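A short write-up of the structure that comes next.
The values are calculated or read from the model by the stated rules, or taken from the named source; none is laboratory data. Predicted, not measured: the structure shown is a model, and the values here were computed from it. So basically every Cβ, Gly included, is an ideal-geometry build from the backbone, and we count neighbours across all protein chains shown.
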Amino acid sequence: MKKNYPAIKNDQAFYFIPDISGFSQFVENTAIEHSIHIISELLEILLDNNVLDMKLAEVEGDALFMYSQRILSFSEVENQVTAMLNGFREHLHKYEHQRICDCGACSTAINLRIKFLMHKGRFDFIRVKDIRKPYGQDVNRIHRLLKNDVPLDEYLLFSSPTLNYLNLDPEISGFKKIESKYDIHILPYYYKDLNTYKTPIKKESEKNNILIDEKADFIIERDIQIPIERAFELISNFKYRQLWDSSLTAITFDETQVNRSGSNHTCIIGSQKMKFETVGIDSEADLSYGESTSNLPMANNYRFYILLDKLDHNSTRVKVLNYVNLNWMGKIIRKSIYNKLGTRWNDKLRKLEEVDVHSF
């Protein structure tokens, strides 16, 4: 149930910006597609923890520009910051233990940080057709404060009008004052280390990966003439699956997320639907990927693990380990099932090598 807050004056508002630190370097120096998905997930986490029910004015790349025309107390603002901060941290921690990709975006996402800025000022807006957005001097001011002299990666920043309205004593509330020159103006503002608001994260000792230490029922192996990184992306990114798996009629998956351990997708082959789960695996291969399903006909469970080893800059050795737990009927025609799966995998690996570079 949404809480009803009393309103401040019609021409006043609190402006609030949660901003993900390190976003620019993260995007420029890493895998662009994966970084976009990761940032999108994090922004959604922040919105899910909008306990003050602030209005979203705009998504600004790595930040959310929000506002509220309600009377807010310092403790309520702290509750919002605490909820968003810890939702953000928990998501990154969980993602670190579930990721299957070692690209720059996925492997460095855990290093992303967040900061929060708040400013109280005049509320004006501009309307263009059906779009209504906050507009004016105070909107400019909070955006200017994104470029500040705070010597921390994660902090809560209040403009001077915000601190005064909340009737805070900087020393008692733990804020430090800075004055920075913007154009010809000197703007005072106050910041506080976010360590104050962090709560303990439940630690996961190890990634929940399967150790490949059992003999496969059968193995398909092929050397393909494509770089290992491209091969892994084609294999692990569901949107490319139909480019090399001609047995699929369709594939459904969450297009807003990067594939990771525990991710689900559904392969549709004719009228048959097979739900697969991505599994993390530990192997001595350069890169590895796995999936599991309980929907293979005449099998209790089917798992495959794809091991990739770099041969040279433009070629990769692919080994597909197949584990088939057949039911009693499947055991009767075991050889036929293995032959059918083996034929499909040989066809998939051949087509994997033939994927048009312009479609990738």
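Data table
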| read-out | value |
| --- | --- |
| In the range 51-106, the residues that are among the hydroxyl-bearing types (S, T, Y) and surrounded by 17 or more Cβ atoms within 10 Å (Cβ to Cβ) | Y67, S68, T82, Y95 |
| Matching entry among P161, P170, P151, P188 (being more than 18 Å from K120 (Cβ to Cβ) and either assigned by TED's automatic domain parsing to the domain that holds S21 or of a type outside the set (A, V, I, L, M) (or both)) | P151 |
| Residue identified as modelled with pLDDT of 90 or more and of a type in the set (D, E, K, R) among E28, E96, E33, E76 | E76 |
| Every pair of residues 6+ apart whose Cβ atoms lie under 8 Å, when the first sits in the range 157-171 and is under 15 Å from L145 (Cβ atoms) and touching a residue at least 40 places away in the same chain (Cβ under 8 Å) while the second is part of a loop (DSSP other than H, G, I, E, B) and among the β-branched types (V, I, T) | L157/V150 |
| Criterion violated by Q257 - all others in (1) touching a residue at least 40 places away in the same chain (Cβ under 8 Å); (2) in a strand (DSSP E or B) satisfied | (2) |
| Residues of the range 148-192 satisfying the condition of being among the aromatic types (F, W, Y) and farther than 16 Å from M118 by Cβ | Y182 |
| Residues that are in contact with a Phe, Trp or Tyr (Cβ under 9 Å, 6 or more places away or on another chain) and free of Cβ contacts under 8 Å to residues at least 12 places away in the same chain, drawn from the range 340-353 | none |
| Condition met for V128 (surrounded by fewer than 17 Cβ atoms within 10 Å (Cβ to Cβ), outside the structural domain of Y289 (by TED's automatic domain parsing) and aliphatic (A, V, I, L, M)) | yes |
| The listed residue being touching a residue at least 40 places away in the same chain (Cβ under 8 Å) and surrounded by fewer than 16 Cβ atoms within 10 Å (Cβ to Cβ), out of G290, G262 | G262 |
| Some residue of the range 305-325 being without any contact (Cβ under 8 Å) to a residue 40 or more places away in the chain and in contact with a helix residue (DSSP H, G or I) (Cβ under 9 Å, 6 or more places away or on another chain) | no |
| Restricting the range 276-287 to residues that are in a strand (DSSP E or B) and either touching a residue at least 24 places away in the same chain (Cβ under 8 Å) or touching a helix residue (DSSP H, G or I) at 6+ places or on another chain (Cβ under 9 Å) (or both), the residue that is surrounded by the fewest Cβ atoms within 10 Å (Cβ to Cβ) | D282 |
| Counted residues, the range 119-134 - those being over 21 Å from Y189 (Cα atoms) and assigned to a strand (DSSP E or B) | 9 |
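For every residue, the table says whether it meets (1) out of contact with any Asp or Glu (no Cβ under 6 Å at 6 or more places or on another chain); (2) at pLDDT 95 or above; (3) on the phi > 0 side of the Ramachandran plot; (4) not assigned by TED's automatic domain parsing to the domain that holds F175.
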| site | (1), (2), (3), (4) |
| --- | --- |
| I224 | no, yes, no, yes |
| V279 | yes, no, no, yes |
| S283 | yes, no, no, yes |
| D286 | no, no, no, yes |
| E291 | yes, yes, no, yes |
